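Quick notes on the structure that follows.
The values are calculated or read from the model by the stated rules, or taken from the named source; none is laboratory data. Not measured: the values here are computed from a predicted model. Using ideal geometry, Cβ is built from the backbone for each residue, glycine included, and neighbour counts are taken over all protein chains shown.
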Amino acid sequence: MAKANAPFTISGTIDDLNFYDSADGNIVRMRGKTGITKQQFKDNPIFDPIRQQGSDFGYCSKKAKTFNLLVKPFYKYSQGASLFGRCIQLLLAILNEDAENEKGNRSLLKGLQTEKGLNFLPGFEGNTDRPLPTVLLPNISYDRNKFELNLKELDPLIDIAWSEEATQVSIQLAIANWNCEEDQFETSYSNTQIIDKKLGVQSLLFDLIPPTEKHLWICFIHFRFSYTQYNKVKILHNRYNSTTLIGYKSFL
């Protein structure tokens, strides 16, 4: 860096020299090299971790688009603002369990073939503002072989956390078969159980036929709160409803 001695002020760039005004006068310095080329980024091994991370992220972003569709009718009424981003985070965690392939070339299928990878699935929430424990107070478990919950009846005033407006809640199960390699899925939905807030103890009876394909079966439970006004059912805003992944059965 040096001062430019001239009877006039120079600003801008001439060849490899940058001229600009400062408190010290008219300054000139050599123009530095900017950035790197695509070829340098591709060939230089120092950028390998960045390329690998980008590859894994792009791969999981693509898979998350399908994962997001597994129970789209549920998420329509209970989707949180960060759902897609959290899907990517979940799939990246599972992808990290692939110990056979190098970073940047890992397979979600390999991650799902591990017990640890599969165990990341239960508890995934469609709406983090209303996770399952804040909606249904008793602990529930899902029998992956009988396709049923351990909970057979509910006392609405004791077992469910109601918003002020809600007078009823629709509860439904779904099982999605997810073929993560082909980005395909098939989802079966149960009947809907409508629980009235004021009717006392009520039975929970779900009829659920499993999917025909067998890759990875994932079970979800959905709570959709509502009230009746002028003989019309009004569903509450998404932030009051809930969709939770509660179990799986793997054929991988």
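Can you tell me which of ASN139, ASN191, ASN177 is at pLDDT 95 or above and not in a strand (DSSP E or B)?
ASN191
Among the numbered criteria (1) in a loop (DSSP other than H, G, I, E, B); (2) hydroxyl-bearing (Ser, Thr, Tyr); (3) over 28 Å from TYR59 (Cα atoms), which single criterion is violated by THR212?
If we test THR212 against (1) in a loop (DSSP other than H, G, I, E, B); (2) hydroxyl-bearing (Ser, Thr, Tyr); (3) over 28 Å from TYR59 (Cα atoms), just (3) comes out false.
Of everything in the stretch 161-179, what is without any contact (Cβ under 8 Å) to a residue 40 or more places away in the chain and either hydroxyl-bearing (Ser, Thr, Tyr) or closer than 13 Å to PHE223 by Cβ (or both)? Give them in sequence order.
ALA161
For the stretch 53-70, give me the residue count where each residue is among the polar types (S, T, N, Q), more than 9 Å from ASP183 (Cα to Cα) and surrounded by 15 or more Cβ atoms within 10 Å (Cβ to Cβ).
2
Look through GLY58, GLY80, GLY111, GLY117 and report the one residue that is out of contact with any helix residue (DSSP H, G or I) (no Cβ under 7 Å at 6 or more places or on another chain) and either of a type in the set (Val, Ile, Thr) or not in a loop (DSSP other than H, G, I, E, B) (or both).
Result: GLY58 is the single residue among GLY58, GLY80, GLY111, GLY117 that is out of contact with any helix residue (DSSP H, G or I) (no Cβ under 7 Å at 6 or more places or on another chain) and either of a type in the set (Val, Ile, Thr) or not in a loop (DSSP other than H, G, I, E, B) (or both).
Does LEU69 meet the test of being part of a helix (DSSP H, G or I), modelled with pLDDT of 95 or more and among the aliphatic types (A, V, I, L, M)?
So LEU69 does not fit the description; no.
Yes/no per residue for (1) surrounded by 13 or more Cβ atoms within 10 Å (Cβ to Cβ); (2) closer than 30 Å to ILE209 by Cβ; (3) at pLDDT 95 or above; (4) aliphatic (A, V, I, L, M):
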| residue | (1), (2), (3), (4) |
| --- | --- |
| GLY80 | yes, yes, no, no |
| GLY85 | no, no, no, no |
| LEU91 | yes, yes, yes, yes |
| ARG106 | yes, no, no, no |
| GLU148 | yes, yes, no, no |
| LEU154 | yes, yes, no, yes |
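Given the structure, is ILE235 under 25 Å from GLN184 (Cα atoms), surrounded by 15 or more Cβ atoms within 10 Å (Cβ to Cβ), touching a residue at least 24 places away in the same chain (Cβ under 8 Å) and touching a strand residue (DSSP E or B) at 6+ places or on another chain (Cβ under 7 Å)?
no
Kindly indicate whether GLU182 is touching a residue at least 40 places away in the same chain (Cβ under 8 Å) and either small (Gly, Ala, Ser) or part of a loop (DSSP other than H, G, I, E, B) (or both).
no
Looking for whichever is of a type outside the set (A, V, I, L, M, F, W, C), closer than 17 Å to LEU173 by Cβ and crowded, with 18+ Cβ neighbours inside 10 Å here; the options are THR244, THR192. Which one fits?
Among THR244, THR192, only THR244 is of a type outside the set (A, V, I, L, M, F, W, C), closer than 17 Å to LEU173 by Cβ and crowded, with 18+ Cβ neighbours inside 10 Å.
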